[in-house]
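Quick notes on the structure that follows.
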2 protein chains.
Amino acid sequence: MNINLTLRILGSLLIFLAIALLFPIPFSWFYGDGATGSFLLAALISAGCGGLLLKLFKSEKDLSVREGFAIVTFGWTLFALFGALPFIFSGAIPSYLDAFFETMSGFTTTGSTILINIEAMPPSLLLWRSLTQWLGGMGIIVLSLAILPMLGVGGMQLFKAEVPGPTADRLKPRIQDTAKLLWGVYVLLTGVEVILLMSGGMSFFDGLNHAFTTMATGGFSTRNASVAAYNSAYIDWIITIFMFLAGVNFSLHYLALRGRLGDFLRNEEFLFYFGLALGGTILVVLLNMQGVYPNFLDNLRYSAFQVVSIMTTTGFATADYELWPVLCQYLLVFSMFIGGCAGSTGGGMKVARILLLFKHTQVQLFRLIHPRAVRLVKLGERPVDKEVMQSILGFFALYLGVFVTASFLMAAIGMDLTSAGGSVIATLSNIGPGLGSVGPVDNFAHVPAFGKLVLAFCMLLGRLELFTVLVLVFPSFWHK
Amino acid sequence: MNINLTLRILGSLLIFLAIALLFPIPFSWFYGDGATGSFLLAALISAGCGGLLLKLFKSEKDLSVREGFAIVTFGWTLFALFGALPFIFSGAIPSYLDAFFETMSGFTTTGSTILINIEAMPPSLLLWRSLTQWLGGMGIIVLSLAILPMLGVGGMQLFKAEVPGPTADRLKPRIQDTAKLLWGVYVLLTGVEVILLMSGGMSFFDGLNHAFTTMATGGFSTRNASVAAYNSAYIDWIITIFMFLAGVNFSLHYLALRGRLGDFLRNEEFLFYFGLALGGTILVVLLNMQGVYPNFLDNLRYSAFQVVSIMTTTGFATADYELWPVLCQYLLVFSMFIGGCAGSTGGGMKVARILLLFKHTQVQLFRLIHPRAVRLVKLGERPVDKEVMQSILGFFALYLGVFVTASFLMAAIGMDLTSAGGSVIATLSNIGPGLGSVGPVDNFAHVPAFGKLVLAFCMLLGRLELFTVLVLVFPSFWHK
């Protein structure tokens, strides 16, 4: 571990955060909400701490894999710790733990909130809240398509960005180039969504906030009733479509924008993702037909929105799915584990991993019948390396292990079983709302302090694909 | 597939079943319960069908792996189909589906019952019910230690019986020899338990029944209130100890009887199993201290009994754990998935598989830090082959997949989520009682017909380690 280099890079990240903290200031002026000073002070403290790290620690060495793990984990944690400051300074969230929970929920694009009355918040702080999600989403795209494949985490090698260079179909090897291209797509899609939402009657402020949190599959809203507040079929459908797009591998979007639309149809993960969303919606529509929504178009609108929102781990709500038939809830709970595509901003275990688990099991069955035959697990045309498969299987076991352990802790502090499991999967899969007392029309304010820490840690673990965080607890990680 | 040979062997199994069906007849005479004719008729039909199969199908070829799968799966199914006959002929269970469910629950050592008033049944039929479990347990020991390792199912290669021959520590290669030695242990332990239960005041009939179903980790009782009916601390502790023993690999018992007691302490799976039972009991005792059981000895007695009963997948009850603190129920639910040791009569995923999953995940984390280091997953001193590890990981994924699919089906026929999940895990892990409407003081009589079929299939799947049954649905299994 090169601690000097790690601290230097964390310093630059804090300076980047300080710049981001200036972004809500014009909105604070415009709305006269009096939060300008809080943002300036927070930016000053972040920049100061960042500068201090840069000044104190010098290193000329190159980054290695170990520093990668530490920078990603501590970077995200620092963002949550410092990004919480404006909420405290402005007095909008009195408890630092609550502010930290809310900011961790932002940067991890989770969307769980401790706010009871969102609409009473100063607008610039709401914008900051949405911006934390958007920046988190930006980080995740690069993390999953450029950084984690290098670190070899949980089989992410498979999902390396296939972003071609300007001249040939060659991979751009440097993280920065990949990042710029993918971020271009991210910014473009966000811009288009803002325009479409505004043309449906949203204000620029609301449109910007919701576009930020849709593209990040974050799910923070500026309204207490979430997207239901707009009561507009047009807005519901726009958001459904963009949630769906945000759950797709951004490499595919990039290729599509360069004219290679056919790549969508050749990508097995995308097709499986599309099939799950479509199949899930059809099932939920059928189940909701009797009793819940007699009108077919309403049924389709609310069912599709909720299915896509949960599947992509966005967490916006236009209906209280806890009032739907038990079987609908069952479907939603299981899609909470699956999540979006690898290389998207969506959380969960990722569609590709689930697909590969299926295929692995199929191959195992096949091999029992034909012990001498060679059959490999493939994703698309490419055979999946055995090491990668082992890594994915380990990820699956670890995901369930963390789920079991964390929900045990939540039950230990007195939550009922549904709420304990629901709050853990909602945060571990970076969805936002869960079940029981943390359902789609509730919030996390009532969770005891220890529980908030457990859930904030779950958000971090889930967002960074578990391994990235957990390697740090190995003593041997810190040895020379 | 050699269909002739398969049918021949199934024919001999039916003749074996016919002989077993004669066993309850002396009890029927003794109690004068009028069921003798039912047993004779059932035995006649079984023997007739078995004889017909032997007469019609001739084959001189040797058994291959494929026939192994078919014989095991269809053998268990035929036992349940023909073993159900005495219940129908005597009129004790009017519906054939119910009788089939009860008998499948017997031969798979599950213990879920559709009987509402057990004590109203003719004694000889209760004995037959217990005997199905005891015979099922006998089958399972040989299946898991001699047959499945040969077929290569779900990593069972690892748990091959280490039963030494009479002269040296060499493995006896033939199934029959291994079977005889292990069955000797099984019969011996059953006999000792009968004597110990009788010395605690049980009648010979009750002692025999409970010893049969304890050693099989089956859990059928002759009393409506299960073991609670005897209200004796001595009997509770005897059964706790024998349930624990029944959840241990029978190879270890064999070695211990030959003086190699130290092998218990060198067996990593046993130590983990012991640790789980001890740790689980301590936690549940602590949680039950306030309110549930103020008296420490009562607390220990009831907590240990329920933990060991669920963990070993026996399913006897002396307390309604659904009235215990939420966290106790949470612990019990997770031990439902784990189950007993490989090579025991216990169900579930098996302690060794869970242990290896832990180790696999640890090795994955280690390899992220030390990409060039070689570290293998080991069980005890032996490194675990990568193929075996893949097989275990596939088993784990398949287990959860079956759990999710089956509980979806149970919810689809209108069961609430707790009862749907609870009934599936209770049958898939071969425990018996589940949660919700199929909890420890309820029964399965009210489950709709389709649900009973799903659950009976779960019993079979779980008992035969999933793969054994599921390979049969591959069309290529049936090709030449």
Exception for B:G401 within (1) closer than 21 Å to B:M156 by Cβ; (2) surrounded by fewer than 17 Cβ atoms within 10 Å (Cβ to Cβ); (3) over 26 Å from the mean Cα position of the chain (by Cα) falls at (3)
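With the requirement that a residue be in a helix (DSSP H, G or I) and more than 17 Å from A:S28 (Cβ to Cβ), what does segment A:87-98 give you?
Residues of segment A:87-98 in a helix (DSSP H, G or I): A:87-89, A:96-98.
Of everything in segment A:87-98, those that are in a helix (DSSP H, G or I) and more than 17 Å from A:S28 (Cβ to Cβ) turn out to be A:Y96, A:L97, A:D98.
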The residue that is nearest to the other protein chains (Cβ to nearest Cβ), considering only those in segment A:351-390 that are closer than 18 Å to B:T361 by Cα and open to solvent by less than 10 Å² (accessible area, probe 1.4 Å), is A:H360
Exactly one of A:G152, A:G139 is open to solvent by 10 Å² or more (accessible area, probe 1.4 Å), out of contact with any helix residue (DSSP H, G or I) (no Cβ under 7 Å at 6 or more places or on another chain) and under 24 Å from A:L5 (Cα atoms), and that one is A:G139
Exactly one of B:M415, B:M410 is more than 30 Å from A:I369 (Cα to Cα), assigned to a helix (DSSP H, G or I) and within 11 Å of chain A (Cβ to nearest Cβ), and that one is B:M410
With the condition kept exactly as written, say whether any residue in segment A:293-315 is within 14 Å of another protein chain (Cβ to nearest Cβ) and open to solvent by less than 40 Å² (accessible area, probe 1.4 Å). no
Selection over segment B:322-350 where residues are within 14 Å of another protein chain (Cβ to nearest Cβ) and either open to solvent by 20 Å² or more (accessible area, probe 1.4 Å) or part of a helix (DSSP H, G or I) (or both) yields a count of 15
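Considering only residues that are of a type in the set (S, T, Y) and in a loop (DSSP other than H, G, I, E, B), which ones fall in segment A:418-458?
Quick first cut of segment A:418-458, residues of a type in the set (S, T, Y) only: A:418-419, A:423, A:427, A:429, A:437.
If the condition is that a residue be of a type in the set (S, T, Y) and in a loop (DSSP other than H, G, I, E, B), then A:S429 is the only one that fits.
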Restricting segment A:51-81 to residues that are among the small types (G, A, S) and in contact with a Ser or Thr (Cβ under 7 Å, 6 or more places away or on another chain), the one farthest from A:L145 (Cα to Cα) turns out to be A:A80
Quiz prompt | Test: A:S437 is at the interface with another protein chain (Cβ under 9 Å from one of its Cβ atoms) and either buried (at least 23 other Cβ atoms within 10 Å of the Cβ) or over 21 Å from B:L356 (Cβ atoms) (or both) | solution = no
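The values are calculated or read from the model by the stated rules, or taken from the named source; none is laboratory data. As the structure is a prediction and not an experimental result, all values here were calculated from the model. Because the Cβ atoms are built from the backbone with ideal geometry, glycine has one as well, and the counts that use them run over all protein chains shown. Keep in mind that these areas ignore ligands, DNA and RNA; they rest on the heavy atoms of the full protein, side chains included. Shrake-Rupley method; radii C 1.70, N 1.55, O 1.52, S 1.80 Å.
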